[in-house]
1. Only residues that are surrounded by fewer than 13 Cβ atoms within 10 Å (Cβ to Cβ) and within 18 Å of Pro87 (Cβ to Cβ): list them for the stretch 35-45, please.
2. If Glu6 satisfies every condition in (1) farther than 20 Å from Val111 by Cβ; (2) part of a strand (DSSP E or B) but one, which is the exception?
3. Among all residue pairs at least 6 apart or on different chains, which show Cβ distances below 8 Å where the first residue, located in the stretch 1-23, is closer than 13 Å to Ser112 by Cα and the second is open to solvent by 40 Å² or more (accessible area, probe 1.4 Å) and charged (D, E, K, R)?
4. Would you mind stating whether Gln105 is loosely packed, with under 13 Cβ neighbours inside 10 Å and not hydroxyl-bearing (Ser, Thr, Tyr)?
5. Checking the structure you have, find out if any residue of the stretch 69-89 is surrounded by 13 or more Cβ atoms within 10 Å (Cβ to Cβ), under 13 Å from Val111 (Cβ atoms) and of a type in the set (Phe, Trp, Tyr).
6. Tell me which strands (runs of 3 or more DSSP E) are completely within the stretch 41-113 and hold 1 or more residues being within 12 Å of the chain's Cα centre (by Cα) and without any contact (Cβ under 8 Å) to a residue 40 or more places away in the chain, or say none if there are none.
7. Kindly indicate which of Ser21, Ser7, Ser17 is closer than 15 Å to Cys95 by Cα, open to solvent by 40 Å² or more (accessible area, probe 1.4 Å) and modelled with pLDDT of 95 or more.
8. Tally the residues that are modelled with pLDDT under 95, within 19 Å of Thr68 (Cβ to Cβ) and of a type in the set (A, V, I, L, M, F, W, C), restricting the search to the stretch 24-49.
Amino acid sequence: QVQLVESGGGLVQPGGSLRLSCAASGMIVGSTRLDWYRQAPGEQRELVGFISSGGTTYYADSVKGRFTISRDNAKNTVFLQMNSLKPEDTAVYYCRAPVYNIWGQGTQVTVSS
């Protein structure tokens, strides 16, 4: 059974950093694409970026240059490093394995002073 579990969210001041983790079980993160999405209150869920099986990354324009997606195959975990956070980055962040159509439960990120 494929399962994704996010962690690392919290409250951070503008300009701060957070690193989110997405731990996978029942699948190998290095063998497939993993996506990061976010959903702000009252908004549609949007793609933040992804890492392909080959290690290629893609980022939405709104986060390019500030967010970095990486993975640790030994830990079977994908990370989302978020720097220079802005209040508009406040959202629930989800990871997704599109080939399995599986979502994690999400982790809340709040950027506020």
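The values are calculated or read from the model by the stated rules, or taken from the named source; none is laboratory data. Values in this document were obtained by computation on a predicted structure and should not be read as measured data. Cβ coordinates were reconstructed from backbone atoms using ideal geometry, including for glycine residues, and neighbour counts include every protein chain displayed. For accessibility, only protein heavy atoms count, side chains too; no ligands or nucleic acids. Shrake-Rupley method; radii C 1.70, N 1.55, O 1.52, S 1.80 Å.
1. Pro41, Gly42, Glu43
2. (1)
3. Within 8 Å, the pairs are Pro14/Lys86.
4. For Gln105, the condition - loosely packed, with under 13 Cβ neighbours inside 10 Å and not hydroxyl-bearing (Ser, Thr, Tyr) - is met.
5. Looking for residues that are surrounded by 13 or more Cβ atoms within 10 Å (Cβ to Cβ), under 13 Å from Val111 (Cβ atoms) and of a type in the set (Phe, Trp, Tyr), one finds none in the stretch 69-89, hence no.
6. Answer list for the stretch 41-113: 46-51, 57-59, 67-72.
7. Ser7
8. 1
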